[in-house]
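One structure below.
What follows is calculated from the coordinates using simple rules that are stated; it is not laboratory data. Bear in mind that the values here come from a model prediction, so they are computed numbers and not experimental data. Methodologically, a virtual Cβ is constructed for each residue, glycine included, from the backbone with ideal geometry; neighbour enumeration extends over all protein chains shown.
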């Protein structure tokens, strides 16, 4: 079976993460790790990592790449600020059965990746969607993380049982003659364009 990262909670699935406050009434930006916005409310009460705090979504509306959510338990901006970065979990048993070739994002975190020739590439850190399609963040054995399009062409094979993901990096993704070696060593991803989106609202 695939090795899970140390912070992976047994029997739990992380479906969202609280971000910066929005306004003064306790609303927060929430990054949803699902393609179904209804998952914020469909599975009942959400919990933080240690299970000591509960969160009940009263309303959610999309705003660019995140959702503006009002939780019953967050009633002030100060409290919202203190919860920035909190991951939200549900019980895995509450999730529906998956169809073939479907999976949950949390099942991919920590899996090893390799190229078509069988050489090791790195480990999956996260999946992102900044508005232009899903991206797979991979930490090579050396260097900084890489962002690759999460498509069938780039990720042709996912084997959860063996904990292995095959990658076919797009042609030209790594510039220069030493493209393959640079891909394995990694390059910093430029996410500066996200700065405005992640800033807290000043209203």
Checklist entry - How high is the relative contact order of segment 30-74, given as a whole-number percent (alpha carbon pairs under 8 Å, six or more residues apart)? => result 35 percent
Checklist entry - Of the peptides 148-154, 74-80, how do they stack up when ordered by the mean number of other Cβ atoms within 10 Å, highest first? => result 74-80, 148-154
Checklist outcome for this item: Scaled by the rule-of-thumb 2.2 N^0.38 Å, the alpha carbon Rg for segment 12-93 gives a ratio of 0.97
Checklist entry - With contacts defined as alpha carbon pairs under 8 Å and 6 or more residues apart, what's the relative contact order of segment 12-93 in percent? => result 44 percent
Checklist entry - What whole-number value in cubic angstrom gives the convex hull volume per residue for the C-alpha atoms of segment 1-159? => result 133 Å³
